[in-house]
Amino acid sequence: SGERLCSAEEATAGSGTYTRHGFIFSSLAGCLEKRSEDSGLPVVSVVRDAESQLLPDVGAVVTCKVCSINSRFAKVHILYVGSTPLKSTFRGTIRREDIRATEKDKVEVYKSFRPGDIVLAKVISLGDAQSNYLLSTAENELGVVVARSEAGVQMVPISWCEMQCPRTHTKDFRKVARVQPQFLQT
Amino acid sequence: AAGAAGGAYWVDSQQKRYVPVKGDHVIGIVTAKAGDVFKLDVGGSEQASLSYLAFEGATKRNRPNVQVGDLIYGQFLVANKDMEPEMVCIDSSGRSSGMGIIGQDGFLFKVSLGLIRKLLAPKCEIIQELSQLYPFELVLGMNGRIWVKAKTVQQTLIIVNILEACEYMTAEQRKQALAKLSGN
């Protein structure tokens with residue numbers, strides 16, 4: 001990183017590089033990549049990893065796991081963006097008012113999510129200084145997809161707000177996602 | 001021992017470690033004041049939070065006079081294994097019904113949860129016998145904490161010792177001990 005790669009006349013600066021005083025320098029610690037372009041000069045870039053990290057964008061649907069809940073919000077770890085798994089998990093927050101689209105005052109976080117649930121959510125903001133993405137489940141297709149009961153068995157959804165344990169038949173409250181039938185595995 | 005009341009069965013067990021349950025009345029010790037919320041030690045794995053508005057007649061201007069180290073008698077509004085427990089000193093209709101800050105003096109001590117349940121049973125013999133000995137004030141917390149206040153420090157300590165010993169004394173031994181004390 002910071003190494004002088006070549007003169008600006010020999011190549012064009014690509015990603016991970018910058019130009020100063022007529023020379024191209026590297027701005028990342030990584031591997032040098034030189035690609036030849038059709039329009040004359042080759043492009044010099046520095047890549048950090050073999051694959052570039054996919055970052056969750058505003059409006060993207062992400063799959064996350066709930067780590068802790070509070071009366072005001074739920075903290076989650078973002079595991080997948082769309083269908084691609086992330087190498088390092090990001091942190092997200094689902095505020096109480098973003099859990100449902102209707103009757104936001106009557107929402108109870110304890111009756112919507114529990115620690116350990118897998119939730120489909122949408123990114124509404126890239127977050128604050130603590131780099132917590134702000135997420136929302138205020139749509140029918142968003143919410144809890146996988147949850148375990150107190151007995152440790154995966155629960156079956158009954159309605160948009162209840163799930164039932166197949167072994168003990170106890171019902172638990174969750175904000176359940178309405179998954180499209182073609183994505184359900186039986 | 002198991003009991004049945006209108007189709008409900010429960011199993012009584014003895015333990016000393018308290019687990020917060022919604023609706024339980026407990027005695028908490030104020031450990032911190034953080035803005036609008038007090039942190040209370042209730043003997044569980046986490047400290048409980050208590051809002052300053054959760055007292056009878058409390059408004060944003062009329063705050064209750066609560067200091068660190070005070071004793072509070074309140075009930076749990078929220079208590080489950082996933083969230084921090086929340087306490088209030090007000091019931092569902094907005095009245096305090098005996099809850100709130102416990103006054104100065106008196107003595108706080110800890111007993112097992114089974115003894116508390118025995119003392120809270122209707123027409124408890126122990127309390128009736130003790131009240132014939134000296135007059136005193138008593139607050140029982142489901143978290144195993146008892147607060148006692150009698151006219152003098154000596155009377156208070158005698159009541160404390162009897163209550164602690166009731167854990168292991170039979171009814172006969174207790175009646176003998178009380179007879180000796182009232183004889184003195």
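What the table shows:
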| quantity | calculated |
| --- | --- |
| Candidates per trypsin sites (Lys or Arg not before Pro) in segment B:124-184, loop by DSSP, up to 14 other Cβ within 10 Å | B:LYS151 |
| Cα centroid of segment B:139-163 to Cα centroid of segment B:39-112, whole Å | 20 Å |
| Average other protein chain Cβ within 10 Å of Cβ, residues A:109-117 | 2 |
| Amide hydrogen neighbours beyond the local backbone of A:LEU142, cut-off 5 Å, H modeled | A:ARG178 |
| Label-point separation in nm, B:GLN14 to B:GLN173, each point 7 Å along Cα→Cβ | 1.2 nm |
| Accessible solvent surface per residue of segment B:107-182, calculated while the other protein chains remain in place, 1.4 angstrom probe, Å² | 55 Å² |
| Hull volume in cubic angstrom per residue (convex hull over the Cα atoms of chain B) | 142 Å³ |
| Segment B:24-101 - accessible surface per residue (Å², probe 1.4 Å) | 49 Å² |
| Percent carbon-and-sulfur accessible area, segment B:24-101, ignoring ligands, DNA and RNA, probe 1.4 Å | 48 percent |
| Label-point gap, in nm, between B:LYS81 and B:LYS60 - each point 7 angstrom along Cα→Cβ | 4.0 nm |
| Within the protein assembly as shown, helix-based [θ] at 222 nm, where runs of 4 or more DSSP H residues each add -39,500 (n - 2.57), nearest 500 | -3500 deg cm²/dmol |
| Using a Förster distance of 35 Å, the FRET efficiency for A:THR84-A:LYS171 (Cβ separation, nearest 0.05) | 0.55 |
| Mean Cα-pair separation over length for segment B:24-101, i.e. relative contact order, pairs under 8 Å, 6 or more apart, % | 31 percent |
| Relative contact order, percent, chain B [alpha-carbon distance under 8 Å, six or more residues apart] | 20 percent |
| FRET efficiency estimate (nearest 0.05) - Cβ-Cβ, A:ASP57 to A:SER159, R0 41 angstrom | 0.80 |
| Spin-label zone in segment A:112-148 - amide nitrogen under 20 Å from a point set 7 Å from the Cα of A:HIS77 along the C-beta vector | A:113-123, A:130-136, A:143-148 |
| Selected from A:GLU150, A:GLU108, A:GLU141 as most flexible by GNM, with chain A as the system and alpha-carbon contacts under 10 Å | A:GLU150 |
| Residue with peak Gaussian network fluctuation, chain A [Cα springs, cutoff 10 Å], from A:SER131, A:SER39, A:SER149 | A:SER39 |
| Net lengthening on full extension, A:SER125/A:ASP49 (0.36 nm per residue, minus Cα-Cα) | 24.8 nm |
| With every protein chain in place, chain A: carbon and sulfur % of accessible area (1.4 Å) | 50 percent |
| Given charges at beta-carbon only (K, R positive; D, E negative), |dipole| of the protein assembly as shown in Debye | 920 debye |
| Extension reserve of the B:GLU164-B:LEU181 stretch, reckoned as 0.36 nm per residue once the Cα distance is removed | 4.5 nm |
| 1.4 Å probe, heavy atoms, protein only - residues of segment B:54-93 losing at least 20 Å² accessible area vs chain alone | B:ASN80, B:LYS81, B:ASP82, B:MET83, B:GLU86 |
| FRET efficiency for A:LYS106 and B:LEU133, using Cβ-Cβ distance with R0 set to 35 Å, rounded to 0.05 | 0.10 |
| Accessible area buried at the B-A interface, both sides summed, 1.4 Å probe (Å², nearest 100) | 500 Å² |
| Accessible area per residue in Å² at 1.4 Å probe, computed on chain A | 61 Å² |
| Dipole moment magnitude, nearest 20 debye, segment B:1-144 about Cα centre, only Lys, Arg, Asp, Glu C-beta charged | 120 debye |
| Pairwise label distance in nanometres, B:CYS124 with A:SER39, each label 7 Å out on the Cα-Cβ vector | 8.6 nm |
| In order through segment A:17-27: 3J(HN,Hα) via Karplus (6.51 cos²θ - 1.76 cosθ + 1.60), integer Hz, x for Gly, Pro | 9, 8, 10, 8, 6, x, 10, 9, 10, 8, 10 |
| Relative contact order %, chain A, counting alpha carbon pairs below 8 Å whose residues are six or more apart | 14 percent |
| Cα-based helix-to-principal-axis angle, B:153-165 vs chain B, degrees rounded to 10 | 80 degrees |
| Under 13 Å from A:LYS104, Cα to Cα: aspartates and glutamates that are on another chain or at least 8 residues apart | A:GLU139 |
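The values are calculated or read from the model by the stated rules, or taken from the named source; none is laboratory data. The structure displayed is predicted, hence computed values, not measured ones. Here Cβ is always computed from backbone atoms with ideal geometry, including for glycine, and neighbour counts include all displayed protein chains. What goes into the accessible areas is simple: the full protein's heavy atoms, side chains included, and nothing from ligands, DNA or RNA. Shrake-Rupley method; radii C 1.70, N 1.55, O 1.52, S 1.80 Å.
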